[in-house]
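Please read the structure below before turning to the comments.
The values are calculated or read from the model by the stated rules, or taken from the named source; none is laboratory data. Note that the structure is a prediction, hence the values are computed from the model and not measured. Every residue, glycine as well, gets a Cβ built from its backbone with ideal geometry; the counts of neighbours run over all protein chains shown. These accessible areas exclude ligands, DNA and RNA; they are computed on the full protein's heavy atoms, side chains included. Shrake-Rupley method; radii C 1.70, N 1.55, O 1.52, S 1.80 Å.
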Amino acid sequence: MGAPLLSCKDVVVEYKTRRGALRAVDTVSLDIREGETVALVGESGSGKSTLGKAIVGLEPIRSGSIKLNGTELGGLSRRAMRPYRQALQMVFQDPFGSLNPRLSIGRIIEEPMLVHRIGTAEERRRRVAELLERVGLSAEMMTRYPHEFSGGQRQRIVIARALTLNPKLIICDEPVSALDVSVQAQVLNLLADLQRDLGLSYLFVSHDLSVVRHIAHRVVVMYLGKFVSTGERANFWDSPIHPYTRRLLESTPSVDAVGAPLVIGAGDNDEIPSAMNPPSGCRFRTRCDFAADICAQSEPALRPVGAYGMSACHRVETLASGAVRYGADENENIVPIRTVA
Ligand SMILES: Nc1ncnc2c1ncn2[C@@H]1O[C@H](COP(=O)(O)OP(=O)(O)O)[C@@H](O)[C@H]1O
Ligand code: SF4
Ligand SMILES: [Mg+2]
């Protein structure tokens with residue numbers, strides 16, 4: 001297998017706040033190959049959007065490395081960064097907020113070509129027409145304005161704009177979360193068609209596993225700035241080997257691969273800790289029903305676990321052996337637990 005299209009190594013992103021530095025992305029590494037969809041999942045506040053923004057150059061990285069086709073993007077000047085900016089695009093959740101209401105659709109889709117001084121007016125017009133058709137709209141729509149379109153149509157326009165400069169990788173940040181369920185499927189199908197036809201790669205950010213399950217080749221789970229588990233999609237649903245990954249699966253009613261929902265931690269300590277001041281050791285320990293002394297003392301490294309993928313959990317071997325329906329008793333022994341019918 002060739003070198004990955006995108007390679008992130010030990011990436012750290014911090015925000016300056018009045019209370020000090022908030023480390024929103026803490027030492028994460030990720031490769032994405034050409035034509036691959038990697039899903040990035042986790043609850044709100046886990047750092048998903050921040051990582052996406054860092055990859056496309058919208059947030060500076062504090063340390064680490066981001067390479068595109070082997071070229072380090074971290075230290076590049078704005079000018080040197082330009083061709084890479086074109087290759088890396090981002091589609092945001094809110095198709096209402098991300099289109100300027102005063103500009104026509106044609107002008108909006110043309111914008112990246114204007115910024116990069118590409119083509120004559122006629123060439124740009126032809127490209128806009130082609131892009132509108134490509135995303136399932138019609139060329140005549142270029143003279144109309146954003147308010148004349150539905151949410152799903154607007155997201156198609158946003159996708160057309162992202163395609164203008166022939167990107168290699170698109171960060172899709174919750175691209176269908178704001179849409180009706182019936183429209184979600186159409187936009188996901190469009191993204192899949194574009195990937196097949198154009199060889200695009202996606203980093204698909206979502207908090208909704210039922211969306212991810214249809215499109216991802218690999219799944220990365222993020223919690224409070226860290227990756228806690230990664231794996232191929234099939235393994236992810238068959239063998240959710242990290243306690244947090246299981247928790248996510250339980251809270252997704254449409255995911256049926258694990259059968260009856262597990263009973264782990266019924267809500268008592270279910271508050272997400274602050275990223276300003278994460279728990280010592282394993283960051284998930286305040287919500288984890290398998291937590292033992294070691295979990296507070298040392299941070300679990302992300303490491304391979306059998307055939308399943310990677311997991312950052314001290315106790316994963318115990319959890320991974322045998323069936324998935326296990327819990328901890330009062331002596332911290334792993335025992336089979338009751339499932340809800
Ligand atoms: N501009 C910002 N300034 C300060 N903190 C931020 C900023 N953007 C995000 N954060 C904080 O960084 C953490 C990660 O946020 P984010 O990347 O948006 O997570 P997610 O996309 O997974 O919901 C959160 O604690 C959030 O409050
Ligand atoms: S390391 Fe400990 S606290 Fe963290 S997920 Fe594993 S068992 Fe739970
Ligand atoms: Mg986000």
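The table that follows gives values for the structure above.
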item	result
Descending Cα extents along the principal axes, the chain, whole Å	73, 45, 44
0 to 90° range, to nearest 10: angle between helix 181-198 axis and the chain longest Cα axis	70
Cut-off 12 Å between beta-carbons: net charge of the residues surrounding Ser177, Lys and Arg +1, Asp and Glu -1	-4
Accessible area (Å², per residue) of the range 6-216, counting only protein heavy atoms and a probe of 1.4 Å	47
Accessible area of the chain belonging to carbon and sulfur atoms, whole % at 1.4 Å probe	49
Separation of alpha-carbon centers, the range 114-188 and the range 41-107, rounded to whole Å	17
Environment charge of Leu224, counting only residues whose C-beta is closer than 13 Å and scoring Lys/Arg +1, Asp/Glu -1	+2
